[in-house]
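All remarks here apply to the structure that follows.
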Amino acid sequence: MLLRKKDLLAKKIMDLERGKHRMELKIEKMDFQVRDVQSLARNRKNLPTIFFVTPTGPRLEQKADLIRLAQTLSHIPNLYWIVVEDADEPSTWIKGILERSKLSYIHLAILTPLKMKLKDTDPNWKLPRGVVQRNTALRWIRTNFGSLKKGVIYFGDDDNTYDWRLFEEIRNINKAGVWPVGLKMGERKGQNFYYPPDFNYKVHGNLNRYHGTHALRERAAKIGQGILIIRFEMPFNVWCLGCNNHVGMGVRYNAEKKKIGMYYTTPLYEFRMKCHLCDNYFVIRTDPKNFDYELVEGLRRQEKRFDSGELDNVAPVDRTFNQKLASDAMFKAEHEKKDKEKSDEAEGQVNKLEMIQSRMYDDYGVNSFLRNRFRAEKKFIGDQRLADEGLKKRLSLDIPLQPETNEDRIMATRMLKYKDLKSHEDRQKEAREEIVNRPLFESLGPSTSTPQDPIRNQLKNKIQQKRGFAAEDKIQPVKKALRSSLGIVVNSKLSNNHRKNISKSEIIGQKPLTKNSIALVDYESDSSDSNECIVLN
């Protein structure tokens, strides 16, 4: 039951959303219908105001452009038109156009300084246009509408065509936005798509004659002298003779191109351009006879000549070559030898190209191989990163971990095996201390010191026991030596006084016996020998 109720509620929600979407489409359609029926736009309280800033300047088609723009803007609600004229005083005919549009407007005028104006021969991109007028409009908006919390400022040219839908999008802007212009009136004029109202084909003939300009604009400023402005690229490295600076191959200039003659049916052209580093002028001519350029004035070539045959360029055709091959056997043999040497040199390059082609033939397979390799490496790096993060979290580390090396693995293995790693210097120091602290004569008695390592002491005891057993096994019974055989004379009848007079240095062989001492040799003696002394002869 619960699942059934859930499905019914979901179905109702979908129906309501579908109905809401239909109502929104109907409202949008009604808005378009009402807007199309209205003759002029009415202000609406819920819409932000659009401040449409239009800089304008004196030209032939200015009046036609402003009338067309006014008729478009008159259908836009909540629009304030700010027209800034490039003049000392506002023009009366522009004011009349603004009044007939029935829009809220302001007509300002400010003259552009001479240093910011374009000359007749300057290209359009050399200096910005309308900057002074736009800044004046912004200052006026800050002064009169500075307390306004909501509004949109749009900079529109007077020679463009605008759709009503553009202004609907402009109202939803948050901070700043840019809308590209699809087709400008200036482009239509340049492409001969726009004909002014006073254009008469019988009188003017074409638009270029009507405007008094050429189709190439500023490039054809000297077309009456046979000079056309082009972009010339330096064909090789040269030295400027004016400033002695190096001009690299590929540097481009605005050059004056003119025709100076003919070489058979090929025209000869001359290019004149100004050095970009000084006031010197370059003059270069074409040389179709030698497939080269001739440096006439202002520059000299940097001597870097090559054989055109080595560079695989097209060399001048020698019409006597085939005749020499047919008539001169030596020339033919030399030429065949050169061709063979060149073929042998190019064989390595051909093999290299074939290898590259074979390697890049299956681009899909190579790409798949690289992607699989990178994918595995990416997975390994991800797993390693997770492991490092876990280790840093367990050990409370805040330092980047370096990748594991072979030395780290060896060190970890030794630490697990010995647990107490000491350097070579530490081991040498301990050995010296042990030698210094070792007694000069090793004691045979039991050690009273407390052992530091019981396991090590047990091993030492076992080794000593084994060594002791081995020594006892090796001891052979020795025949008892007699005193007479050793050259010792025994004085058995010494008086007590005489015994006292014997110095200690004369007594030899009396050594105190310890409990652990072992007598390996026993001399023959009788009971009277217990009170005897051994005296040297």
Is the range 330-347 home to any residue that is without any contact (Cβ under 8 Å) to a residue 12 or more places away in the chain, surrounded by 10 or more Cβ atoms within 10 Å (Cβ to Cβ) and either at positive phi or within 37 Å of the chain's Cα centre (by Cα) (or both)? no
Do any strands (runs of 3 or more DSSP E) lying entirely in the range 254-300 carry at least 1 residues that are of a type outside the set (A, V, I, L, M, F, W, C) and surrounded by fewer than 12 Cβ atoms within 10 Å (Cβ to Cβ), and which ones are they? 266-274
Check whether at least one residue in the range 119-135 is under 48 Å from the mean Cα position of the chain (by Cα), surrounded by fewer than 11 Cβ atoms within 10 Å (Cβ to Cβ) and part of a helix (DSSP H, G or I), and report yes or no. no
Note on Ile229: of the conditions (1) outside any loop (DSSP other than H, G, I, E, B); (2) farther than 30 Å from Asn160 by Cβ, unmet is (2)
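Restricting to the range 90-118, count the residues that are assigned to a loop (DSSP other than H, G, I, E, B), of a type in the set (D, E, K, R) and more than 48 Å from the chain's Cα centre (by Cα).
Let us first name the residues in the range 90-118 that are assigned to a loop (DSSP other than H, G, I, E, B), namely 90-91, 101-103, 110-113, 117-118.
Then drop every residue that is not of a type in the set (D, E, K, R), which leaves 102, 117.
Within this subset, residues satisfying the condition of being more than 48 Å from the chain's Cα centre (by Cα) are 102.
Qualifying residue count for the region: 1.
Residue-wise test of (1) in the same structural domain as Gln71 (by TED's automatic domain parsing); (2) in a loop (DSSP other than H, G, I, E, B); (3) modelled with pLDDT under 95; (4) more than 30 Å from Val53 (Cα to Cα).
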| site | (1), (2), (3), (4) |
| --- | --- |
| Asn174 | yes, yes, yes, no |
| Asp198 | no, yes, yes, no |
| Ala215 | no, yes, yes, yes |
| Gly250 | no, yes, yes, yes |
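Out of the helices (runs of 4 or more DSSP H) lying entirely within the range 402-485, which hold 3 or more residues that are at pLDDT 55 or above and under 30 Å from Leu391 (Cα atoms)? Explain how you work it out, then say what you get.
Numbers: elements: 406-418, 424-437, 454-474.
Because the criterion is at least 3 residues that are at pLDDT 55 or above and under 30 Å from Leu391 (Cα atoms), the helices (runs of 4 or more DSSP H) in the range 402-485 that meet it are 406-418.
How many of the residues making up the range 83-106 are in contact with a Ser or Thr (Cβ under 7 Å, 6 or more places away or on another chain) and either surrounded by 17 or more Cβ atoms within 10 Å (Cβ to Cβ) or closer than 16 Å to Gln133 by Cα (or both)? Quick ask: steps written out before the conclusion?
To start, the set of residues in the range 83-106 that are in contact with a Ser or Thr (Cβ under 7 Å, 6 or more places away or on another chain) comprises 83-86, 101-103.
From what's left, either surrounded by 17 or more Cβ atoms within 10 Å (Cβ to Cβ) or closer than 16 Å to Gln133 by Cα (or both): 83-86, 101, 103.
Residues meeting the conditions: 6.
The values are calculated or read from the model by the stated rules, or taken from the named source; none is laboratory data. The shown structure was predicted, so the numbers you read here are calculated from the model rather than taken from an experiment. Positions of Cβ are backbone-derived with ideal geometry, glycine not excepted, and every protein chain shown enters the neighbour counts.
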